[in-house]
1. So, with +1 on the Cβ of K and R and -1 on the Cβ of D and E, and no other charges, what is the size of the charge dipole of region 235-353 about its Cα centre, to the nearest 20 debye?
2. At a Förster distance of 41 Å, what's the computed FRET efficiency of Ser154 paired with Asp47, Cβ-Cβ distance as r, to 0.05?
3. Could you point to the residue in Ile83, Ala135, Tyr175 farthest towards the positive end of region 73-177's charge dipole, with +1 and -1 charges on the Cβ of Lys/Arg and Asp/Glu respectively?
4. Between Val272, Val243, Val193, where does the largest GNM mean-square fluctuation fall for the chain, given springs only between Cα atoms within less than 10 Å?
5. Give, in nm to one decimal, the length gained when the segment between Ala25 and Arg89 is fully stretched (0.36 nm per residue of separation minus the Cα-Cα distance).
6. What angle, in degrees between 0 and 90 and rounded to the nearest 10, separates the Cα long axis of helix 132-141 from the longest principal axis of the Cα atoms of the chain?
7. Rounded to the nearest 0.05, what FRET efficiency do Asn392 and Leu427 have when you use their Cβ-Cβ distance and R0 = 30 Å?
8. With angles folded into 0 to 90 degrees, how steeply does helix 311-321 sit against the dominant principal axis of the chain? Use alpha carbons for both and round to 10.
Amino acid sequence: MAGIVVVGAQWGDEGKGKAVDILGARVDYVVRYSGGNNAGHTLVVGDEKYALHLLPSGILNENAIPVIGNGVVIDLDVLFQEIDGLTARGLDVSNLLISANAHIITGYHQIIDKVTERFLGKHKIGTTGRGIGPAYSDKVNRIGIRVQDLLDESILRQKVSAALEQKNQLLLKLYNRAAISADAISENLLSYVERLRPMVTDTSRVLNQALDAGKIVLFEGAQAHHLDVDHGTYPYVTSSNPVAAGACIGAGVGPRRIDRAIGIFKAYTTRVGEGPFPTELKDEAGEKLRADGGEYGTTTGRPRRCGWFDALVVEAACMVNGFTDTFCTKLDVLTGWEKIPICVAYDINGERTNQLPMTQTDFHHAVPVYEFLDGWSEDISTARSFADLPRNAQAYIRRLEELIGVRISGIGVGADREETVVIHDLL
Ligand code: GDP
Ligand code: IMO
Ligand code: MG
């Protein structure tokens, strides 16, 4: 076992951070390979709570070397705030490695993200406003700023000026906003150079050498399958590839390096931002799930939209990512319901299907077909093995497993690191 990737199987916030933290104690490297500080991964260790946005969740484990891969977009203000915050809490973050090829999110990316959303009005995506889309657009457009550019001041200044020549036209003429000073942007970025320099390296080579030496590398997904720009509910997606294959591109390792792919999903479903969500509950049931699950965004604090488990959503993620295992989190949140609906099919214009529809139009018309499973009322937070769970909770898990077609190897029964049922070892 050498390369393991953890991927969200729904629309994000499945509890990937907790899963990575649990595994982190036994791995040598933990690597973020996509996204940026749109991610919010919450970890609970006893009385301590950590919210990470850019640093890999493995950072809480001393033995795992944290890595930010080339596929990540980095806001340096956020990165160093996060590093300083953890250092102040007594954690050692000094072994962090950052890819020279990772792209930088600058102030103008954030401004453009926000004004674009405002311009879209009712068609907005509901982004996190962190500049993610504009930074990835610049990368693909070949006008992005990379970490390595900061190591050469004249190159950096040239690139920032060239990018702003276009963007200031856009801001002034289309959006009626003030122009942004290239010098101010460059100065801000350059203020981090001395701290950044020792962390910057060819992380692809480091990781390949580690894998050659038999080390265990954990690739930590951010966002999720259905937010993937290729495989998600486009255009209501993020601008990167959170899927398992994205780990190869975003960390610079070949596909044969990934031995295990673990899909993380909630025992129900949530989504932040706009976009289709067939099992969404807009009634008291949805409010109860939100309250019981504490479903408020780690990054933006927005209330998450809540709904029942949708087997079609998770099954599609299992297929595209080739999950070898899955991990079902937040089963404890469902305690106390007499009956728990799960979506097993969609009715689309009178036709029933158990596969995600091919088109956005059909997805918009999908009406969930529910099966009702018996609930349980016992507190399950102290369960540590499958046998500790009440019979109906076991039956719930077994039914989900049957519907998604991949084994469930772990179950979350509480936010704490310890509150986990292990069925199959994930390493
Ligand atoms: P991520 O973005 O996938 O890492 O997930 P988030 O951290 O954004 O959201 C998951 C939330 O659920 C966090 O507040 C976690 O502390 C919490 N959590 C994770 N697993 C469980 C679980 O099994 N039960 C409960 N009750 N909370 C959990
Ligand atoms: P983690 O890693 C949930 C959503 C946003 C928005 C869309 C595009 O914590 O699971 P962006 O700012 O990326 O351009 O926004 O994607 N989104 C997330 N939703 N969890 C996340 O990350 C998310 N990252 C982005 O709400 O709908
Ligand atoms: Mg999150």
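1. Dipole size: approximately 420 debye.
2. 0.25
3. Tyr175
4. Val193
5. Difference between extended and current length: 21.1 nm.
6. It works out to around 60 degrees.
7. Efficiency at R0 = 30 Å is approximately 0.50.
8. With both axes taken from Cα atoms, the answer is about 50 degrees.
A short reminder: the numbers here are calculations on the coordinates, not readings from a lab. The structure presented is a predicted model; accordingly, all values stated were derived computationally and were not measured. FYI the Cβ positions are ideal-geometry reconstructions off the backbone, even for glycines, and counts take in every protein chain you see.
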